[in-house]
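Notes for the one structure printed next.
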Amino acid sequence: MTVVTEVVYLGLYFLYCCLESVFRICFPPRRKNIAGQNVLVTGAGHGIGREIAIELARLGGNLILWDINQSSNEATANIIRAFGGTASAYVCDVSKKDDIKRLAEQVRREVGDVDILVNNAGILNGDELLEIDDDDIQKTFDINTMAHFWTIKEFLPSMISKNKGHLVCVASMAGRFGVCYLVDYCASKFAVYGMMEALSEELRCTGKDGVKTTLVCPTVVDTGIIKIPKDRFNVGMLTAKDTADAAIDGVLRNKQVVIIPRVAELSICMSLLPRKFVSKLRDFAGIGLFPQYHSNVNVNRNPR
Ligand SMILES: NC(=O)c1ccc[n+]([C@@H]2O[C@H](COP(=O)([O-])OP(=O)(O)OC[C@H]3O[C@@H](n4cnc5c(N)ncnc54)[C@H](O)[C@@H]3O)[C@@H](O)[C@H]2O)c1
């Protein structure tokens, strides 16, 4: 093929992709069936992770729950067992690579290969960068970013050998835009965004595209991770349940990126606007958080 024919082909392919995107908005792909598949969720003891685990168990998944908090993780397992679902709970501190390796081995022995891996566990400090201790910045990266590498390295090989499986990472819209008081958190989530985009590209280039990837980017969810939200127009927060439902819907339809709520997809256009204007727009919208790292939560909640 000459370069000219390739360019013509690319042009036609562009038109095809645009038409397909419009078609997919009207007729989304069917949800895949996950009944009987082994699904591992990190941070399954609370918030979004718990809701994702419960819903995936309702859909017939065989849930493997990892959390640093034994009692809340067991509570999730009990909720699942109460409606007849299957769940095994393991205490795992995902900030520790050795813990991940040891438990991954145990899971393979006791349950089998993981078909769907949901990297969800995350922490947030929330303050001016210079106020946050070095160890807590390090921990944010260990949990929010590095843990994803270690779990993926454990469970991707069996997915690759079958050319089938799904890697899910719960990142954040703070992984797409820098937010005041979230310097370390945003950096950790931007890294996950890059990791997942590159990994999905690598799987495609190497012919392993039977392994799917989904990056979940919610805005603000009422789990308590953001203790003192800023919400000038009382937009309110997403619930963990709605966030989990939207995330799962995207996963089951093999969407590569799921932005929650969908209207937040419009914010992607902000990168085309002048930077100074975007800053003013953010001040106007008044969405974000108040510093929470050293606070006792009872601070002035007036957003401006
Ligand atoms: N809540 C939000 O506003 C929001 C918005 C966007 C993205 N997110 C992301 O969603 C994910 C879940 O957040 P959430 O709001 O449900 O948080 P959460 O605090 O409600 O739950 C987090 C869970 O992770 C567990 N966990 C913490 N450290 C761990 C560790 N070292 N090892 C294993 N488990 C650990 C906790 O015990 C807890 O059960 C996080 O990655 C977070 O960054 C949250």
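For this structure, a couple of remarks:
- Couplings 3J(HN,Hα) for the stretch 5-14, derived from phi with the Karplus relation 6.51 cos²θ - 1.76 cosθ + 1.60 (θ = phi - 60°), are 5, 4, 5, 4, 4, 4, x, 5, 5, 4 Hz, where x marks Gly and Pro.
- Surface per residue (accessible, 1.4 Å probe) for the stretch 33-289, Å²: 46 Å²
- One equal scatterer on each Cα of the stretch 163-304, no solvent, Debye formula: the resulting log10 I(q)/I(0) at q = 0.18, 0.19, 0.21 Å⁻¹ is -1.12, -1.21, -1.39.
- Amide H contacts of I259 (H built 1.01 Å from N, under 5 Å, at least 5 apart or other chain): C217
- Length available on full extension from V263 to F149: 0.36 nm per residue minus the Cα-Cα distance, which gives 38.0 nm.
- Over 27 Å between alpha carbons, listed pairs K153/K241; K230/K280; K139/K276; K32/K153; K139/K227: K153/K241; K139/K276
- Translational D in µm²/s for the stretch 87-192 (Stokes-Einstein at 10 °C, 1.306 mPa s, Kirkwood Rh from C-alpha pairs): 107 µm²/s
- Once you divide the Cα radius of gyration of the stretch 72-118 by 2.2 N^0.38 Å, the number left is 1.24.
- Under conditions of 10 °C and 1.306 mPa s, the stretch 33-289 yields 85 µm² s⁻¹ as its translational diffusion coefficient, taking Rh as the Kirkwood radius over Cα pairs in the Stokes-Einstein equation.
- Carbon and sulfur %, accessible surface of the stretch 33-289 computed with the full protein complex present, 1.4 Å: 55 percent
- Accessible area per residue (1.4 Å probe, heavy atoms of protein chains only) ranks W150, W66 as W150, W66, with the largest value leading.
- With a Förster radius of 30 Å applied to the beta-carbon distance between L130 and K276, the computed FRET efficiency rounds to 0.75.
- D by Stokes-Einstein for the stretch 139-237, Kirkwood Rh over Cα pairs, 20 °C, 1.002 mPa s: 144 µm²/s.
- Percentage relative contact order, the stretch 33-289, counting C-alpha pairs under 8 Å, at least six apart: 17 percent
The values are calculated or read from the model by the stated rules, or taken from the named source; none is laboratory data. Please read these numbers as outputs of a predicted model, since none were measured by experiment. Note that each Cβ is placed from the backbone with ideal geometry, even for glycine, and that neighbours are counted across all protein chains shown. Accessible surface is based on the protein model in full, side chains and every heavy atom, while ligands, DNA and RNA are left aside. Shrake-Rupley method; radii C 1.70, N 1.55, O 1.52, S 1.80 Å.
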